[in-house]
Amino acid sequence: MQILLVEDDIEAAGHLCQGLREAGYEVKHCADGAAGLAEARAARYDLLIVDRMLPLLDGLSMVGELRAGGVLAPVLVLSALGTVDDRVEGLRAGGDDYLVKPFAFAELLARVEALMRRASGDNRLVGTLRVGDLEMNLLARRVARAGRNIDLTAKEFQLLEFLMRRIGQIVTRTMLLESVWNLHFDPQTNLIDVHMSRLRQAIDRDFSPQLLHTVRGSGYCLKDPGAAA
Amino acid sequence: MKLPRLFASTARLALWYMFGVVVGVSVLLGSAYLFTQRTMERNVDLVIETEIESLREEFRGGGVKRLVSVLEHREDDWGRLGAAYLLVDRQGTPLAGNLTSWPKTFQANGPWIEFEITLTEQGRAVDHPVRAAVVTLDGNRLLVGTDVSERQRFALRLRQLTLWCAGLTGAFMALSAWWFSRRVADRVRGVAQACESIISGDLSRRLPIGSTADEFDQLAGTVNGMLDRIEQQTAAVRVTFNSAAHDLRAPLQRVRGRLEKALAGAQAGDTTDVAVHAALEDLERVQRTLAVLLQIAQAEAGGAGMPRERVDVARMARELGELYAPEAQSRQLSLQVNAVDAAYVSGHQQLLAQLLTNLLENSIKYVPAGGHVELAVTQQQKEVTISIIDDGPGIPEPSQAAMLLPFRRLERDAAAPGSGLGLSLVAAVVRLHHGRLDLRELSPGLRVSCSFDAAAAPA
């Protein structure tokens, strides 16, 4: 998996490159927009991570030109501009996700993975989602584990659906706030933890094995017990 | 809307102007009419007086006989001059003149009398008004008069002309007053519309300038110059914002990277691990404060081009109430959401959500255990009100206005965590949406209500 990182802050770029390589990605780094644009056109990358404020050519213009030129690789925009309108601007310019500095590396990694999966066409249009013996019927809006119905609130259902569509992926608290509550700012993020522990009670307490796992320092992960670890 | 009132003021001015001109023209034409009529009457009377004087001379020189012969001579003039003569003796028997008998009915006015005689003209009987003077000569009465029908016709025409002139002037004035006030109202409406869209954030909009270079265009030109300057300054502020955000966040990102690196080399629970986690928590607090501060600044900058959509704040309140319910529960507060089924506001979805979370977080933070928090969304006709009511310590009346400014906190809360930005963001969001914010001290507690214009529900 090839990632192009376009970031003018050399130290920050160094941290990101190191972390991404440790996670198993191949990373190429460019320090300005013009070089980034040339590199993205020259080689095929699976993902682009682009800082918004870049010398020579700003990040959004660079993404715009790439999109106009038919480059479809997913783009994660990094930005020091964090108001909600800045985010909308970033997505409108062709970004697929938007991350405001400063962010935890775990947050970046989770989003990189999510974008990679999305790009690889893992976006199933199905009526039923299944993880182990946990089943979700999207039409009847019902959840059952080992054949036993589980009552969930509307939000718990949405949380579980989000996780079940991302089996084995790490999902951060911010990602949950963004997609389930549509909040693109940062309230006290530990609010999510209480909701997740309720969800865990509902789907895991009376059953085995455990499906919903907490990933320290990152977020949550719904694991398929049948899949090879 | 303010436009009809403005229109009314121009129309009122034009109406008064029109009224003044019509009165002036009427007085002018009226006095011309009266003067002409008086002069004509005076001329007729003068002719009759002169005639009577000359006949009196004849009588003095030759008595009744001479007068009769003179009158018989003058009868021939009837029809050409329109003169009427009649001399009667003491018994009223006509002696001479072209009238057959003394008029039976007449209107007397001093020595003057007015009556009508009936003549046959082209086979039709026509009444002719006559004005005459009567003198007594040795017991005989002499009447000398003249046909005034011509004069009356002229007076009538003059009167009609005067009325037509006054009427036409009035009509013309009404028309031009209407045109004038419409023109002014149109210009003002154009300016007002441009201003409305500038107020709602479109700083690139300019006032329309016509081709006439009149005072409106001059004013619009000056205002546009002012707007250019404001736009430049706003752009400069935005650049400053962005650089400030960048210059603050980029180093925070580096700090974060270093801390995470340090964490990788630490053992869980050792001093480095504890210290780095504490530092990361502080970093997150700084980050949150910075985010809110920049958001306030952006909202206050007018949200140029702010994306607006129909937001169901009632539903939003329910969802956020649900999100915060466990947090309230863990602090032993009862959190209740009382929202109507749906209440739409046209606005910024994320900022309205932030307003609601700030209200909730504020109450949850300050209300002591055992307390109550109620989040309510109501709609009354054209107004949607979001209010939060708690029985916490409240904010004393005198400090309320100050609490809406950034970084203001009550002394009693100085020890509590927080930045004092919560309510100022609420205030900024309310202002951005042209809403109304109301803080009320309850005993005990606080009620904060934000009212917005309701938007129509989507079809």
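The values are calculated or read from the model by the stated rules, or taken from the named source; none is laboratory data. Since this is a predicted model, take the numbers as computed values, not measurements. Quick reminder, even Gly has a Cβ in these numbers, built from the backbone with ideal geometry, and neighbours come from all protein chains shown.
Of B:Leu263, B:Leu259, all but one fail to be within 11 Å of another protein chain (Cβ to nearest Cβ), farther than 27 Å from B:Asn358 by Cβ and in contact with a Ser or Thr (Cβ under 9 Å, 6 or more places away or on another chain); the exception is B:Leu263. Each residue in segment B:360-386 was checked for being under 34 Å from the mean Cα position of the chain (by Cα) and either without any contact (Cβ under 8 Å) to a residue 40 or more places away in the chain or surrounded by fewer than 21 Cβ atoms within 10 Å (Cβ to Cβ) (or both), and 7 pass. Taking the listed residues A:Leu152, A:Leu177, A:Leu163, the one that is buried (at least 19 other Cβ atoms within 10 Å of the Cβ), in contact (Cβ under 8 Å) with a residue 40 or more places away in the chain and part of a helix (DSSP H, G or I) is A:Leu163, with no other qualifying.
Screening A:Ala80 on (1) within 21 Å of A:Thr172 (Cβ to Cβ); (2) in contact with a Phe, Trp or Tyr (Cβ under 9 Å, 6 or more places away or on another chain); (3) modelled with pLDDT under 85 shows it passes everything except condition (2).
Condition check ((1) free of Cβ contacts under 8 Å to residues at least 40 places away in the same chain; (2) surrounded by fewer than 16 Cβ atoms within 10 Å (Cβ to Cβ); (3) of a type in the set (Ser, Thr, Tyr); (4) touching a Cys at 6+ places or on another chain (Cβ under 7 Å)) across all residues:
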{"position": "B:Gln152", "(1), (2), (3), (4)": "yes, yes, no, no"}
{"position": "B:Leu156", "(1), (2), (3), (4)": "yes, yes, no, no"}
{"position": "B:Trp178", "(1), (2), (3), (4)": "no, yes, no, no"}
{"position": "B:Val191", "(1), (2), (3), (4)": "yes, no, no, no"}
{"position": "B:Asp202", "(1), (2), (3), (4)": "no, yes, no, no"}
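Please determine, by comparing only the residues of segment A:1-13 that are in a helix (DSSP H, G or I) and out of contact with any helix residue (DSSP H, G or I) (no Cβ under 8 Å at 6 or more places or on another chain), which one is nearest to B:Arg256 (Cα to Cα). Within segment A:1-13, the match that is nearest to B:Arg256 (Cα to Cα) is A:Ala13. For segment B:335-375, a residue qualifies if it is part of a strand (DSSP E or B) and within 14 Å of chain A (Cβ to nearest Cβ), and the qualifying residues are B:Leu335, B:Val337, B:Gly347. Looking at B:Ala166, B:Ala174, just one residue is farther than 30 Å from B:Leu99 by Cβ and crowded, with 17+ Cβ neighbours inside 10 Å, and that residue is B:Ala166.
Out of the residues in segment B:271-305 that are more than 60 Å from the chain's Cα centre (by Cα) and under 16 Å from A:Gly217 (Cβ atoms), which is nearest to the other protein chains (Cβ to nearest Cβ)? Filtering first and then ranking leaves B:His277. Inclusion of A:Leu125 among residues that are in a loop (DSSP other than H, G, I, E, B), touching a Leu at 6+ places or on another chain (Cβ under 6 Å) and modelled with pLDDT under 85 is not warranted. In summary, strands (runs of 3 or more DSSP E) completely within segment B:66-139 and bearing 3 or more residues that are under 20 Å from B:Glu51 (Cβ atoms) occur at B:83-88, B:94-97, B:112-121, B:124-137. Each residue in segment A:177-197 was checked for being touching a Leu at 6+ places or on another chain (Cβ under 8 Å) and more than 7 Å from chain B (Cβ to nearest Cβ), and 5 of them qualify.
Taking B:His372, is it assigned by TED's automatic domain parsing to the domain that holds B:Val448 and not β-branched (Val, Ile, Thr)? When the stated conditions are applied, B:His372 passes them. Across segment B:199-217, the qualifying residues are those that are assigned to a helix (DSSP H, G or I) and within 20 Å of the chain's Cα centre (by Cα), and the one among them that is farthest from B:Glu300 (Cα to Cα) is B:Glu215.
If you filter segment B:209-255 down to residues that are of a type in the set (Gly, Ala, Ser) and within 14 Å of chain A (Cβ to nearest Cβ), you find that the one that is surrounded by the most Cβ atoms within 10 Å (Cβ to Cβ) is B:Ala245.
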